[in-house]
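Participant: Below is the structure I would like to discuss, written out as structure tokens.
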Amino acid sequence: MCGICGFWSPDRPFSADKGLAVVRAMTAQLAHRGPDADGVWSDGANGLFLGHRRLSILDLTEAGRQPMVDPTERFALTFNGEIYNFADIRDDLARLGHTFRGHSDTEVLLYAIAEWGVDVTVKRLNGMFAFAVWDRHERTLTLARDRAGKKPLYYGWAGRTFLFASELKGLIAHPAFEPEIDRDALGWYMQYSWMPAPFSIFKGIRQLPAGMTLEVDEAAPDTPPKPYWTARGVCEDGARSPYAGSYDEATDELDRLLGEAVANRMVSDVPLGAFLSGGIDSSLVVALMQRAGARPLRTFSIGFTEKDYDEAPFARAIAKHLGTDHTEMYVSQADALGVVPRLPTLYDEPFADPSQIPTYLVSAMTRQHVTVAISGDGGDELFCGYNGYLKELAEWTTLRRLPAPVRRGLASAVATVARHRHAEAATTGHGGDRVNRWNRQIAKLIKRGFILSATDAVDLYARKRWRCASPSDLVIGADPHRRPEAFRVSRPDIDDPLQGMMCVDFSTYMADDILTKVDRASMSVGLEVRCPLLDYRVVDFAWRLPMPMRVNADGGKRILKRVLERYVPKPLFDRPKRGFGVPIEQWLRNDLREWAENLLAPARLKEQGLLNADAVRNAWQEHQGGRISHTNMLWTVLMFQAWHEHWIAQTVPARARAMTA
């Protein structure tokens, strides 16, 4: 696992020495992603500069060093990730006459591109990756990202200079980059608590969406990326050609596919272990790893002194049954609170999933023992694991009994009443039982209004994930009519609403929240995390499974549970699903109150000119008074404010001063 960056200035405003100094500065910002080595490379005649930070996993010798150039010196590659089927591709290349200096997957990827080109190569890759490759003969730069979106990649033009990096902090180090907040993107962040791809918090900077490549064209800088794989396409194909075997045959096939995916991800030249929460997904992955390994697997979990958040006993029981070498660490409230000031540096784009805190803590603990960890991410989105899927389907079954015009009329009426009640409550001040009742009624009316506006079950499910109903009411200058395209283009053209919910989640929530959270938390401590459930062969098979194999009256993950029962007794894992969270609601009223008060000060908000200070203040006072819980919305605002203070108010001005000194 690594960090990559670079830039292309076709007009060559930099000398070779100056350009190398700039790309070294960009690379230095990604040192946490690759603490073992760094490297830069340039094609100064064409204004192209590549940077790389290395976390050595395969081929720890100099033969694995990057950026890497092929023997003909035509192609130069900077690559972040792991190619799990690199040995098979290497054999194919060897039969075509290629010889190799080392045994890294980077060298295999580079030679594959030289032999077949990027478009063919990416379709052959089974792995997690983000890379940039320069073709000196054709004078083209191409970016690519893996199917699920495990590895991040940001890019954009700064004037006549094209920039790219694994994280935004790499771009900020370039002197041509002038950060300007995209108010529409900020609004979407406020609505979801994470940034929907392809957008970023900065104008002109994009995330390369999962499963896409981008050939950079200096003559057409707005050339869009092109997909080589989409979850939507696989979901639609699965619905058209569902698995025709029996449930027993499907269980055997899933067991086989997962076993291969796990074994492929256990290839490493450095110590390897696994996260173990005691839930279905991580327990199954650990069971398959323990079966494949020659010695006890190292497993890791954290526990919390607050019983409502503590899953350590479940993980401990699974580890004991499987015979793993288990390590657990109990985290105090002080430990968890101590992570909060670090969050803006770990997530250099606003990000507000509270489980980012325990994810960092378990990553930091695990990194003390191993360099690679295997996780169970992906099971919920592929096998109907979230409670909301069935809950929202049942709610829609009730709502749809009302004709669409009636629902729209009720939604409009509810919104009007909510505005009236809100204005009436505001004139009476805060406090008192009557006002408290009004505030609770207003909150319920607003929530009921945007639920009534849903067009179907998938839309209803998406709305239930919203942190605020109208981002333009919270973000000054945000376009109230503009919506991120990702939710529309990721929705499959199929009749089954459960599959629709899962597919949209896979392409948006999983890629932009779950995988972002794990990537930034783990890479901040130099830990590589691999996800067998996201092997594209497992994904393809999951979408072909008829829904009764994935969900029944007992809930989701039916077939996953059946596979797991082959290795772990059902009583050890058969329990209600629990989140990986922390008590943010209580913290905001107690331990974090002073910190939050400072960030939400009306004078600060008005000076920034980005957020509606009155709306934020009202929500804060209602939360503090216990009248309404605004935990999700407030945490989203606070994570933006903390990010803004660190990057926009401090880091960017300091960079500007250094450049002019």
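The values are calculated or read from the model by the stated rules, or taken from the named source; none is laboratory data. All values reported here derive from a predicted model rather than from experimental measurement. Don't worry about glycine lacking a Cβ; one is built from the backbone with ideal geometry, like all the others, and counts go over all protein chains shown.
Participant: When the range 268-280 is examined, which residues are found to be part of a loop (DSSP other than H, G, I, E, B) and among the aliphatic types (A, V, I, L, M)?
Facilitator: Within the range 268-280, V270, L276 meet the criteria.
Participant: Could you say whether any residue in the range 17-37 is under 27 Å from L272 (Cα atoms), in a strand (DSSP E or B) and of a type in the set (D, E, K, R)?
Facilitator: Scanning the range 17-37, I find no residue that is under 27 Å from L272 (Cα atoms), in a strand (DSSP E or B) and of a type in the set (D, E, K, R), so the answer is no.
Residue-wise test of (1) outside the structural domain of L125 (by TED's automatic domain parsing); (2) within 24 Å of A478 (Cα to Cα); (3) touching a Ser or Thr at 6+ places or on another chain (Cβ under 6 Å).
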{"site": "G156", "(1), (2), (3)": "no, yes, no"}
{"site": "T161", "(1), (2), (3)": "no, no, yes"}
{"site": "A165", "(1), (2), (3)": "no, no, no"}
{"site": "G170", "(1), (2), (3)": "no, no, no"}
{"site": "P175", "(1), (2), (3)": "no, no, no"}
{"site": "E178", "(1), (2), (3)": "no, yes, no"}
{"site": "R183", "(1), (2), (3)": "no, yes, no"}
{"site": "L186", "(1), (2), (3)": "no, yes, no"}
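Participant: Also, I was wondering about something else. In the range 133-152, what count of residues is obtained for those that are more than 29 Å from V504 (Cβ to Cβ), crowded, with 23+ Cβ neighbours inside 10 Å and in contact (Cβ under 8 Å) with a residue 60 or more places away in the chain?
Facilitator: Residues meeting the conditions: 2.
Participant: Run down I89, I57 and say which single residue is touching an Asp or Glu at 6+ places or on another chain (Cβ under 8 Å) and among the β-branched types (V, I, T).
Facilitator: I57
Participant: Taking the range 462-517, which residues are aromatic (F, W, Y), under 30 Å from R617 (Cβ atoms) and either assigned by TED's automatic domain parsing to the domain that holds M633 or modelled with pLDDT of 90 or more (or both)?
Facilitator: Y509
Every residue, every condition in (1) crowded, with 17+ Cβ neighbours inside 10 Å; (2) on the phi < 0 side of the Ramachandran plot; (3) outside any helix (DSSP H, G or I); (4) not assigned by TED's automatic domain parsing to the domain that holds M128, yes or no:
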residue: L214; (1), (2), (3), (4): yes, yes, yes, no
residue: E249; (1), (2), (3), (4): no, yes, no, yes
residue: M266; (1), (2), (3), (4): yes, yes, yes, yes
residue: S282; (1), (2), (3), (4): yes, yes, no, yes
residue: L288; (1), (2), (3), (4): yes, yes, no, yes
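Participant: Then there's this: State yes or no: is G431 surrounded by fewer than 13 Cβ atoms within 10 Å (Cβ to Cβ), at pLDDT 80 or above, outside the structural domain of L634 (by TED's automatic domain parsing) and under 27 Å from K606 (Cα atoms)?
Facilitator: no
Participant: For N126, state whether it is touching a residue at least 60 places away in the same chain (Cβ under 8 Å) and surrounded by fewer than 16 Cβ atoms within 10 Å (Cβ to Cβ).
Facilitator: No; evaluated as a whole, the condition is false for this residue.
Participant: Just to be sure before I move on: is V331 β-branched (V, I, T) and closer than 24 Å to R558 by Cβ in the structure I sent?
Facilitator: no
Participant: In addition: Among residues belonging to the range 12-22 that are at pLDDT 85 or above and among the charged types (D, E, K, R), point out the one that is nearest to the chain's Cα centre (by Cα).
Facilitator: K18
Participant: Of the residues K320, K307, which is over 30 Å from S453 (Cα atoms), more than 25 Å from the chain's Cα centre (by Cα), basic (K, R) and modelled with pLDDT under 95?
Facilitator: Answer to the check: K307.
Participant: Taking the conditions exactly as written (farther than 28 Å from L560 by Cβ, buried (at least 16 other Cβ atoms within 10 Å of the Cβ) and not assigned by TED's automatic domain parsing to the domain that holds V652), does A319 satisfy them or not?
Facilitator: So A319 does not fit the description; no.
Participant: Working carefully through the options A263, A158, A173, find the one that is in contact with a helix residue (DSSP H, G or I) (Cβ under 6 Å, 6 or more places away or on another chain), over 30 Å from I559 (Cα atoms) and small (G, A, S).
Facilitator: A173
Participant: Every residue in the range 324-340 that is over 29 Å from W643 (Cα atoms) and either of a type in the set (D, E) or in contact with a Phe, Trp or Tyr (Cβ under 8 Å, 6 or more places away or on another chain) (or both), please.
Facilitator: Residues satisfying the conditions are D325, H326, T327, E328.
Participant: Sticking with this one: Looking at K150 and the list (1) touching a Pro at 6+ places or on another chain (Cβ under 9 Å); (2) not in a helix (DSSP H, G or I), which single condition is not satisfied?
Facilitator: Evaluating K150 over (1) touching a Pro at 6+ places or on another chain (Cβ under 9 Å); (2) not in a helix (DSSP H, G or I) leaves (1) as the failure.
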